[in-house]
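The values are calculated or read from the model by the stated rules, or taken from the named source; none is laboratory data. Computed from a prediction, not measured in an experiment: that's the story for all the values here. When we count neighbours, we look across all protein chains shown, and the Cβ atoms used for this are built from the backbone with ideal geometry, even at glycine.
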Amino acid sequence: METYLSRMDEISRRDFAGYLAKSFLGVGVGLPVLSSLGNAPVGTGGTAQRVIYLYMSGGMSHLDTLDPKDRSEVRGPVEAIGTSVPGIRVSEHMERLARNMHRVALIRSMTSNQGAHERGRYFMRTGYTQRGTIRHPSTGAWAVRLAGKLNHSFPGYVTIGGDSRHPGAGFLEASCAPLPIGNPASGLQNGQLPSGVSEEKLQLRMSLARRLDDAFRSRYDQRKVRAYTDAYRDAIALISGRDLLAFDIGQEPETMREAYGDNPFGQGCLLARRLIEKNVRYVEVSSGGWDTHQNNFERVRGRAIELDRALGALLLDLAQRGLLQDTLVVLATEFGRTPKINQNNGRDHYPQAFSCLMAGGGIAGGRVYGATDPSGTSVVEDAVTIPDFNATIAHVLGLPQEKIVMSDSGRPFTVAHKGQPVLGLIG
């Protein structure tokens, strides 16, 4: 793989527009409430321009992946192996990560107060606890809101293989919402004009639509109305552009696709790299199956090997293309698993202590931040809360963390609620 990588250097006007906007920009499920501010200037503090956020849904066992222990009663059958950095060990399932450890910062002192899946995922993605009265923006939506798009022909935020309860843009503008890609092998669906509709006809229809809507827009010059107009405009720009092939991983050599792994997560990581090359600001790729109450060791082995292959290929690929220095790669999960092995040979939910990692984008590689005790039960050094974790992402992106954005209810919010960036991770 490394040798190969080193060589690489007929529908109505309104239905049609709405269909495009829903397909490409995710605005068909209701219009988010708008905040009171325009795009804020990007702050200082980071070198990253883009983020690839890898989410392990279900609660990844820290003990069997990034924070292996020697005690047999918590270790189980999983052995630890050395890495490219002396003194740092990871699970035997993470061989490719081990070879890339000099590019990676492990965070072994993550801690949370949310031990249920939905609430934990929401907290990790937003930095706010879940409430019925408001939907908070995810970090990707904040990135687009505060830093803007890098490529105005593309969405600023894309999710690959995500779940239906993803917080998305929360109360922010529809333009901050992620474009969802369900199956990376299928790429961007409905991206072609219908049969019989030429580019010329499309532009004529959209011109007529604008003329028909002018009176309405003039009478109701509101941000909600403008948001739909902007969504249609962006969708048309995307379908009319020349870069749609970026969504087609079939354009990659077969050897490259094999390097990432022949599975949805691995191919999702490959698609993420292709989108990052087109300057999509924030791409999230999700992997499920980490809820291992039963048969933990067998199930984690399968998930971890899949993760390791894709992550190792991604880090190497980005590095050799010169993209890693300004692309932040994040590996996150909602919580860890219990050190105690239950009667079903599984591990249960454990938010008190778990592990994540960051690489690239100004992160200092080859280090471990924080620690748990010898059983992986408690954080004993440099605890990192989820708001701190998200504040670090914001810091590396150079987002203005003190910038206040008002929700429709008039409440103030910031990108890193009560969090402080972990400066010990910054190179």
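I want to confirm something. Restricting to segment 92-126 and keeping residues that are among the polar types (S, T, N, Q) and in a strand (DSSP E or B), which single residue is surrounded by the most Cβ atoms within 10 Å (Cβ to Cβ)? Checked segment 92-126; the qualifying residue surrounded by the most Cβ atoms within 10 Å (Cβ to Cβ) is Ser109.
Can we say Val158 is part of a strand (DSSP E or B) and at negative phi? Judged against the criteria, Val158 is a match.
Of everything in segment 109-149, what is aliphatic (A, V, I, L, M) and farther than 16 Å from Gly168 by Cα? Give them in sequence order. Met110, Ala116, Ala147, listed by residue number. Looking at this structure, is Thr129 surrounded by fewer than 23 Cβ atoms within 10 Å (Cβ to Cβ), of a type in the set (Val, Ile, Thr), in contact with a Phe, Trp or Tyr (Cβ under 8 Å, 6 or more places away or on another chain) and modelled with pLDDT of 95 or more? It is true that Thr129 is surrounded by fewer than 23 Cβ atoms within 10 Å (Cβ to Cβ), of a type in the set (Val, Ile, Thr), in contact with a Phe, Trp or Tyr (Cβ under 8 Å, 6 or more places away or on another chain) and modelled with pLDDT of 95 or more.
Scanning segment 159-184 for residues that are of a type in the set (Ser, Thr, Tyr), more than 12 Å from the chain's Cα centre (by Cα) and under 16 Å from Ser57 (Cα atoms) yields a single hit, Ser164. Is there a residue in segment 141-148 that is of a type in the set (Val, Ile, Thr) and surrounded by fewer than 18 Cβ atoms within 10 Å (Cβ to Cβ)? Looking for residues that are of a type in the set (Val, Ile, Thr) and surrounded by fewer than 18 Cβ atoms within 10 Å (Cβ to Cβ), one finds none in segment 141-148, hence no. Taking the condition among the basic types (Lys, Arg), more than 15 Å from Met60 (Cβ to Cβ) and within 22 Å of the chain's Cα centre (by Cα), does Arg303 pass? No: the conditions fail for Arg303. Collect the residues in segment 247-279 that are surrounded by fewer than 20 Cβ atoms within 10 Å (Cβ to Cβ) and in contact with an Asp or Glu (Cβ under 7 Å, 6 or more places away or on another chain), keeping them in residue-number order. Those that are surrounded by fewer than 20 Cβ atoms within 10 Å (Cβ to Cβ) and in contact with an Asp or Glu (Cβ under 7 Å, 6 or more places away or on another chain): Asn263, Lys278. Could you say whether any residue in segment 35-56 is modelled with pLDDT under 95 and assigned to a helix (DSSP H, G or I)? No, there is no match, as no residue in segment 35-56 is modelled with pLDDT under 95 and assigned to a helix (DSSP H, G or I).
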